[in-house]
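Novice: There's a structure below that I have some questions on.
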Amino acid sequence: MKRYHVTTFGCQMNAHDSERIKGMLEELGLGEAPSQEQADVLVLNTCTIREKPDTRFAAHMGNAAKLKRERPGTVVAVGGCYAEAQRERLFALYPAVDVAFGPGTISHLGEWLGAGGEGIARGSFGTGEERAFAAKLPLHRERRFQAWVQVSMGCNSVCSYCIVPAVRGREISRRPGEVVGEVGRLAAEGVREVTLLGQNVNSYGRDVGSSFAELLRAVDEVDGIERIRFTSPHPKDFRRDVIAAMAECPAVCEHAHLPLQSGSSRVLKAMRRTYSRDRYLRLVDELRSAIPDLALTTDIIVGFPGETEEDFRETLEAVEDVRFDGAFTFVYSPRAGTEAAAMREQVADDVKRDRIERLVEVVQRVAAEQNTSRLGMIEQVLVEGPSRTEPDLLRGRTRRNTTVNFSGDAVPGDLVDVEIAHATSTTLRGTRLAAAAA
Ligand code: 5AD
Ligand code: SF4
């Protein structure tokens, strides 16, 4: 049996695309290989949000070229956002690529790999004009009790630093009936937690006569779904109806990942985020008064062109003011073709490095304080498997999306109560409480 290997480089959407790619290759009769070295078909599902994944991809291509020299039959297929962004140059840059496809053309991969027996169509490429949801393709799910569900593709925002709108195109929503239908099928297979995915989930639905609030309420009605998460919302589109749906739907988790990007209104304006620091803080207040136990996480960029020490301090202050439970922190990375990459006042690398270090310190301290405030509480945990760091313990996540390592018996997929006894900036530790008598 021929075997495939898929490497995921990017976000949850990218990881979910990898599940579709795997499902499709399995339907073509391929089995999964444990490593790239052992694969006949090597798929690299790329990302291009920052320079780092581009560099990582280049390293993987070096390895792929070497594998092809050793075993000439090996097929190298490159998908995802980098492939789409570089589609005019990809084959010239990397002659070892046999097949390339974009995030919207995954469904063609089978044909291009020569599923019909015609052999490999080298150089095949799906262009950005023809885009389709991969939802109809078979799915190889990484976890039995948790699933991602794509609600939209593309992005209509114009954030000046971001390459995604250029790569993934205009936003298109999936029909609500299709989304809810998929969630229903997943629930029937035993899934208890779904994460709704879109580049900007809360602008969902405008093109199909629906809204994200309606979608949340409809998914909440699906029997067997105990937890609903979503990522990522844009603060500019986080309206009252979505806050109300979050507060009123029992399955919607008490967590919002709300990308702030910067705490300086001046920088936010240059980023074209269309909200100010004050508006963001007001939204946080509204969310917290509707959903008292809400966890808030965020994305922050340092070193955006023109960012001064004073702007940066406002970002540090915002982290302290909001008291984020966690944050992904990034050094600004110029992306060719974006508005910000052409701005003149690029920040020096040593300044960027200094700022990211100071930011990470504050983020970790605040997150540790937030987690410490959970000591003594009883958290509902969805069990995922053994702890990654302490083999005697089990691991799962709270509704607020914090990882918990705990002692006691349980199997993956169980919802159990854990009393919290220890906290770090990223994890909690505790003991499972005995199940209540029926
Ligand atoms: N440089 C650094 N970080 C970026 N992000 C998006 N584009 C860039 C860039 N050019 C970050 C944003 C976004 C997250 C997914 O990646 O914080 O929310
Ligand atoms: Fe995800 Fe953006 Fe990377 Fe594409 S470029 S994989 S959308 S993070």
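The values are calculated or read from the model by the stated rules, or taken from the named source; none is laboratory data. Predicted, not measured: the structure shown is a model, and the values here were computed from it. Neighbour counts run over all protein chains shown; Cβ positions are idealised from the backbone, glycine included.
Novice: Could you grab the pairs with beta carbons closer than 7 Å, sequence gap of 6+ or different chains, first residue in the range 359-371 and within 17 Å of residue 299 (Cβ to Cβ), second one hydrophobic (A, V, I, L, M, F, W, C) and exposed (fewer than 15 other Cβ atoms within 10 Å of the Cβ)?
Specialist: Once the first residue is within 17 Å of residue 299 (Cβ to Cβ) and sits in the range 359-371, no partner that is hydrophobic (A, V, I, L, M, F, W, C) and exposed (fewer than 15 other Cβ atoms within 10 Å of the Cβ) comes close enough.
Novice: Separate question: Of everything in the range 388-407, what is touching a strand residue (DSSP E or B) at 6+ places or on another chain (Cβ under 9 Å) and either modelled with pLDDT under 95 or assigned by TED's automatic domain parsing to the domain that holds residue 226 (or both)? Give them in sequence order.
Specialist: Here is the first cut: in the range 388-407, the residues touching a strand residue (DSSP E or B) at 6+ places or on another chain (Cβ under 9 Å) are 388-390, 392-407.
Within the range 388-407, 388, 389, 390, 392 meet the criteria.
Novice: Now a separate question. Considering only the range 287-342, state which residues are in a helix (DSSP H, G or I), in contact with a Ser or Thr (Cβ under 6 Å, 6 or more places away or on another chain) and either under 18 Å from residue 258 (Cα atoms) or within 11 Å of ligand 1 (Cβ to nearest atom) (or both).
Specialist: Of the range 287-342, the ones in a helix (DSSP H, G or I) are 287-290, 309-322, 340-342.
Among the residues that remain, those that are also in contact with a Ser or Thr (Cβ under 6 Å, 6 or more places away or on another chain) are: 311, 314-315, 340.
Hits for the range 287-342 are 314, 315, 340.
Novice: In the set 347, 363, which member is crowded, with 16+ Cβ neighbours inside 10 Å, in a helix (DSSP H, G or I) and more than 16 Å from ligand 2 (Cβ to nearest atom)? Step through it out loud before you land on a result.
Specialist: Working: 347 fails: in a helix (DSSP H, G or I).
None of the others qualify; the one that does is 363.
Novice: Among the residues of the range 408-422, which ones are among the hydrophobic types (A, V, I, L, M, F, W, C) and either assigned by TED's automatic domain parsing to the domain that holds residue 364 or farther than 24 Å from residue 326 by Cβ (or both)?
Specialist: Of all residues in the range 408-422, those among the hydrophobic types (A, V, I, L, M, F, W, C) come to 410-411, 415-416, 418, 420-421.
410, 411, listed by residue number.
Novice: Anything in the range 8-32 that is crowded, with 18+ Cβ neighbours inside 10 Å and more than 16 Å from ligand 1 (Cβ to nearest atom)? List them, or say none.
Specialist: The answer is 18, 19, 20, 21, 22, 24, 25, 30.
Novice: In this structure, does residue 421 turn out to be in a strand (DSSP E or B) and either in contact (Cβ under 8 Å) with a residue 60 or more places away in the chain or more than 16 Å from ligand 1 (Cβ to nearest atom) (or both)? Talk me through it step by step, then tell me what you get.
Specialist: On the way: in a strand (DSSP E or B): yes; either in contact (Cβ under 8 Å) with a residue 60 or more places away in the chain or more than 16 Å from ligand 1 (Cβ to nearest atom) (or both): yes.
When the stated conditions are applied, residue 421 passes them.
Novice: Would you check which residues across the range 212-238 are outside any helix (DSSP H, G or I) and buried (at least 17 other Cβ atoms within 10 Å of the Cβ) and list them?
Specialist: Start the filter on the range 212-238 by keeping residues that are outside any helix (DSSP H, G or I), which leaves 221-234, 238.
222, 225, 226, 227, 228, 229, 230, 231, 232, 233, 234, 238 - these are the residues of the range 212-238 that are outside any helix (DSSP H, G or I) and buried (at least 17 other Cβ atoms within 10 Å of the Cβ).
Novice: Quick one: in the range 131-170, of everything that is surrounded by fewer than 20 Cβ atoms within 10 Å (Cβ to Cβ) and within 16 Å of ligand 1 (Cβ to nearest atom), which residue is nearest to the chain's Cα centre (by Cα)?
Specialist: Selected residue: 165.
Novice: Do any residues in the range 308-331 that are within 13 Å of residue 266 (Cα to Cα) have Cβ atoms under 7 Å from those of residues that are more than 15 Å from ligand 1 (Cβ to nearest atom) and not aromatic (Phe, Trp, Tyr), where the two are at least six apart or on different chains, and which pairs are they?
Specialist: 311/266; 314/277
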